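The values are calculated or read from the model by the stated rules, or taken from the named source; none is laboratory data. Since this is a predicted model, take the numbers as computed values, not measurements. Backbone-built Cβ (ideal geometry, glycine too); neighbour counts: all protein chains shown. For accessibility, only protein heavy atoms count, side chains too; no ligands or nucleic acids. Shrake-Rupley method; radii C 1.70, N 1.55, O 1.52, S 1.80 Å.
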Amino acid sequence: MALAIHTFLRTCELTLARREQHDGRETLVFNFTPRPDAQFANNEKYIAQLTGQIWIDAQDRIVTRLAGWPMSGANNANPPSQQVKDLLPFTSR
C-alpha cells in the first residue's frame with residue numbers, strides 16, 4: 001500500500017505546532033486531525049482514526065516526515081510514547 005501525502009493534506013485539518021531546524025533548513029511542524037466531513041476511499045479509511053504530525057520544508061514546501069498514532073477519546077495531538085508510527089521517514093538532504 002502506498003501512502004498518498006495529498007490524501008492527508010486534503011482530508012485533514014493542519015495546525016502549526018512549531019518551527020524546527022533540520023540539516024540547516026527551516027521545517028514547519030503541523031499537528032493533523034481528520035476533518036469531520038472528509039470522505040475517504042476504502043483503502044484510506046484508516047486516516048479517519050489517526051492524529052499526528054506532518055513536517056514540511058519551509059522553502060521547498062515538501063513533506064519530509066509524517067508520524068501518526070490512533071486517536072484517543074479526545075483529539076490528542078501529543079503522541080502516546082509507545083504508539084507513534086512514522087508513516088514517512090524523515091529525509092536528510
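Structure notes:
- Residue in region 15-29 that is among the small types (Gly, Ala, Ser), modelled with pLDDT of 90 or more and in contact with a Phe, Trp or Tyr (Cβ under 7 Å, 6 or more places away or on another chain) present: yes
- Subset of region 48-93 [modelled with pLDDT of 90 or more and assigned to a loop (DSSP other than H, G, I, E, B)]: Ala58, Gln59, Asp60, Arg61, Ile62
- Members of region 1-47 that are closer than 16 Å to Pro70 by Cα, open to solvent by 40 Å² or more (accessible area, probe 1.4 Å) and part of a helix (DSSP H, G or I): Lys45, Tyr46
- Among the residues of region 54-69, those identified as surrounded by 12 or more Cβ atoms within 10 Å (Cβ to Cβ) and either among the charged types (D, E, K, R) or touching a Pro at 6+ places or on another chain (Cβ under 8 Å) (or both) are Asp57, Arg65, Ala67, Trp69.
- Within region 27-55, residues that are closer than 12 Å to Leu9 by Cα and free of Cβ contacts under 8 Å to residues at least 24 places away in the same chain reach partners that are part of a strand (DSSP E or B) and open to solvent by 30 Å² or more (accessible area, probe 1.4 Å) with beta carbons closer than 8 Å, at six or more positions or on different chains, in the pairs Pro34/Glu13.
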